[in-house]
1. Here is a list of conditions, (1) open to solvent by less than 10 Å² (accessible area, probe 1.4 Å); (2) outside any helix (DSSP H, G or I), and residue 430 meets all of them except one; can you say which number that is?
2. Any idea which of 165, 217, 171 is of a type in the set (Val, Ile, Thr), more than 27 Å from residue 385 (Cα to Cα), buried (at least 21 other Cβ atoms within 10 Å of the Cβ) and in contact (Cβ under 8 Å) with a residue 12 or more places away in the chain?
3. Count, please, the residues in region 126-156 that happen to be within 29 Å of residue 402 (Cβ to Cβ) and in contact (Cβ under 8 Å) with a residue 40 or more places away in the chain.
4. Does region 343-353 include one or more residues that are of a type in the set (Asp, Glu) and part of a helix (DSSP H, G or I)?
5. Within region 177-198, can one find any residue that is farther than 23 Å from residue 388 by Cβ, within 26 Å of the chain's Cα centre (by Cα) and open to solvent by 10 Å² or more (accessible area, probe 1.4 Å)?
6. From the list 268, 259, 228, pick out the single residue that is closer than 25 Å to residue 438 by Cα, touching a residue at least 60 places away in the same chain (Cβ under 8 Å) and either open to solvent by 20 Å² or more (accessible area, probe 1.4 Å) or over 29 Å from the mean Cα position of the chain (by Cα) (or both).
7. In region 354-409, how many residues are in a loop (DSSP other than H, G, I, E, B) and acidic (Asp, Glu)?
8. Here's a check for you: in region 271-326, which residue that is touching an Asp or Glu at 6+ places or on another chain (Cβ under 7 Å) and within 26 Å of residue 392 (Cα to Cα) is surrounded by the most Cβ atoms within 10 Å (Cβ to Cβ)?
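The values are calculated or read from the model by the stated rules, or taken from the named source; none is laboratory data. Note that the coordinates shown come from a computational prediction; the quantities given were computed from them, not determined experimentally. Neighbour counts are summed over all protein chains in view; Cβ atoms, including those assigned to glycine, are modelled from backbone coordinates with ideal geometry. Side chains are part of the model used for accessible areas, which takes the heavy atoms of the whole protein and leaves out ligands, DNA and RNA. Shrake-Rupley method; radii C 1.70, N 1.55, O 1.52, S 1.80 Å.
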Amino acid sequence: MKKIISCIIVILTVFSICSCGAQEEEVFDLDLGGTNSDGTIDLDGYEFSIMQADLVEGDGAGIFSYPDNTFMSDAILDRFKEISTEWNCTITVKNDNSDRLNSLTPILASGTYAHEAIYVSGPTTFSSAGFLYPLSVLSEYIDYTDSKKYGGPGIVEQGLFNGEIYTVSPIAWPGKQMLTSYGVFAVNENLILRYGKTDPRDYIENGEWTWDNFGEIIRQYEIDDGEVKAKALNITWSLINFAMMNGMDYVEVQDNGTVIPKIDSKAVADTLDWCSDLFTTYSDCITFDDHWAMLPKFLNDEIVITQTAVDHILRFMSYDMDNYGVIPMPCGPNGTYGEWANAYTEYICFGILVNAKQPEAAAMILDRLCEPFEGYETEEDLKDYLSEYFFDDRDLDFVMNYFRNSRWNYWPLANIQEFFSNAIDSTSNGRSSAEILEKNAEKVNAAIEKYVVPNNEFLSQMKSGSSD
């Protein structure tokens with residue numbers, strides 16, 4: 001099934017949309033929103049330059065992950081024109097030719113000016129190094145608490161460092177509802193249909209996709225009829241999303257209000273013990289291949305269900321499969337069934353550089369740039385945009401649900417993801433939670449204390465605000 005994966009291809013060339021206003025090198029002091037006497041905004045020829053990471057999967061040019069000559073690439077360029085004309089500014093986007101903005105980091109480290117802003121997947125290299133401008137200072141110009149435009153606490157969390165917010169993500173743009181979270185299973189629906197197996201989505205709809213039932217459910221998916229020999233399940237990446245589906249949090253709030261790291265919580269311990277029992281009891285039908293070993297087996301009908309990420313399905317599987325399903329991790333006893341909680345590794349975002357010439361103007365432009373586009377204002381509109389990538393409406397419903405219920409796993413700052421990845425080997429060999437946590441909990445909790453706890457107040461306030 002040939003598709004253009006619009007969430008992958010990014011800009012390879014320079015786009016410059018210039019206004020007819022003169023450009024000046026003076027320092028611009030934005031006064032009360034930069035308004036003229038008639039109420040219009042005049043940015044006085046401001047040059048807004050964005051450096052974008054190269055996340056390209058193939059040849060071609062595009063902008064902010066959208067291919068050229070598509071509705072969205074044209075819509076973004078039209079928005080550039082509108083902003084630049086109405087506000088008297090210039091918007092320029094350049095490609096870095098690396099997926100981590102490698103050319104930019106030494107420039108910023110030297111204190112040299114480079115651009116006004118960046119667009120990247122995973123901003124922690126920049127936020128932790130002090131390369132980004134704190135958005136709390138710019139809250140008059142960019143409302144990072146607007147969950148419809150920038151996402152809820154779990155999406156915003158990636159932009160936090162030491163309790164300060166540095167980035168925003170354009171979650172209202174169509175196609176941007178797929179982050180790198182290994183909290184899904186891809187299902188080989190061709191095998192399900194060929195062998196008359198119950199579709200896993202039916203178990204989910206019937207409320208049966210739980211820890212109590214999971215072992216016996218997956219056993220039925222093992223196939224060995226002399227023609228096809230397929231394992232039922234592959235665990236590819238990490239156990240963190242099993243824990244998320246059992247109500248795990250990284251921290252615990254004490255009765256006196258103190259926030260403490262809690263990787264050794266009961267939710268985590270129960271997850272490790274359940275996985276250990278599952279993996280040893282059903283060892284004959286579960287494999288533990290990594291992504292590159294799993295992929296050819298899944299594509300060649302040797303695995304029925306495999307752990308992966310939605311963006312990985314589109315990048316690595318969709319071209320070679322004509323029918324696949326997307327389903328969540330099973331729900332544990334402390335999870336909320338139907339709220340498919342998961343932890344993601346990274347997601348695309350915008351940040352304003354710390355030595356931007358006019359950070360207030362940059363914030364205003366980003367805030368307007370990230371507005372929803374006409375025709376894609378609702379969740380149903382966004383699902384319609386994604387529908388060409390999926391074969392069942394239930395998959396679309398799930399993808400939107402898991403996006404809403406995602407939170408960051410603090411990679412690469414903290415070792416939370418590493419802990420749960422290493423736990424695959426431990427649990428597949430039958431080790432208990434007590435053994436695993438005794439060896440690792442102190443180190444992981446130290447990382448949570450350093451990187452997660454300082455963000456808790458910000459996240460709690462945001463959650464409180466969204467519930468009011």
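1. (1)
2. Working: 217 fails: buried (at least 21 other Cβ atoms within 10 Å of the Cβ); 171 fails: more than 27 Å from residue 385 (Cα to Cα).
None of the others qualify; the one that does is 165.
3. 17
4. Residues of region 343-353 of a type in the set (Asp, Glu): 346.
So of that shortlist, the ones also part of a helix (DSSP H, G or I) come out as none.
No, the conditions are met nowhere in region 343-353.
5. Among the residues of region 177-198, at least one is farther than 23 Å from residue 388 by Cβ, within 26 Å of the chain's Cα centre (by Cα) and open to solvent by 10 Å² or more (accessible area, probe 1.4 Å), which makes the answer yes.
6. Working: 268 fails: either open to solvent by 20 Å² or more (accessible area, probe 1.4 Å) or over 29 Å from the mean Cα position of the chain (by Cα) (or both); 228 fails: closer than 25 Å to residue 438 by Cα.
Just one listed residue meets the conditions, 259.
7. Keep residues of region 354-409 that are in a loop (DSSP other than H, G, I, E, B), which gives 354-358, 370-378, 390-392, 405, 409.
Next, from what is left, pick out any that are acidic (Asp, Glu): 371, 374, 377, 392.
The total comes to 4.
8. Of the residues in region 271-326, the ones touching an Asp or Glu at 6+ places or on another chain (Cβ under 7 Å) are 285, 297, 299, 315, 323-326.
The next check asks that each one be within 26 Å of residue 392 (Cα to Cα); those that pass are 297, 299, 315, 323-326.
Working: 297: 16, 299: 15, 315: 17, 323: 14, 324: 22, 325: 22, 326: 24.
Applying the filter and picking the extreme gives 326.
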